[in-house]
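Have a look at the structure below before the remarks.
The values are calculated or read from the model by the stated rules, or taken from the named source; none is laboratory data. Treat the numbers as computed from the prediction; the structure is a model and nothing was measured. In this analysis, Cβ positions are derived from the backbone assuming ideal geometry, glycine residues included, and neighbour counts consider all displayed protein chains. Just the protein is used for accessible areas: all its heavy atoms, side chains included, with ligands, DNA and RNA removed. Shrake-Rupley method; radii C 1.70, N 1.55, O 1.52, S 1.80 Å.
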Amino acid sequence: MGQVGVARSSGLLYLLSPTTLLLAFVLVREVPNARTLIGGCIVMVGVGLMQMYGHPRPQLKTEKTA
């Protein structure tokens, strides 16, 4: 099996909340209010942005002239 790095796999923990929300809706017909959905969307967009752009850029090696 393939391996996933710790940093990338820890980002998958954020999928736990939307999965729980979906299961609560399907199993017990619990309907979330608008503020809950908007807040969840904001968090998920932030997580997505950090997964795509949150990695440090490799530094370029520069030659020292002295």
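Computed values, structure above
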read-out: Cα long-axis angle, helix 16-28 against the chain (0 to 90 degrees, to the nearest 10); value: 10
read-out: Three principal axis lengths of the chain [C-alpha, angstrom, descending]; value: 71, 35, 10
read-out: Apportionment of accessible area to carbon and sulfur, the chain, percent (1.4 Å); value: 67
read-out: Assigned charges on the beta-carbon of Lys, Arg, Asp, Glu; the chain dipole about Cα centre (debye); value: 200
read-out: The range 1-52, accessible area per residue, ligands and nucleic acids excluded (1.4 Å, Å²); value: 88
read-out: Sum of -39500 (n - 2.57) over DSSP H runs of 4+, divided by residues of the chain (222 nm, nearest 500); value: -18500 deg cm²/dmol
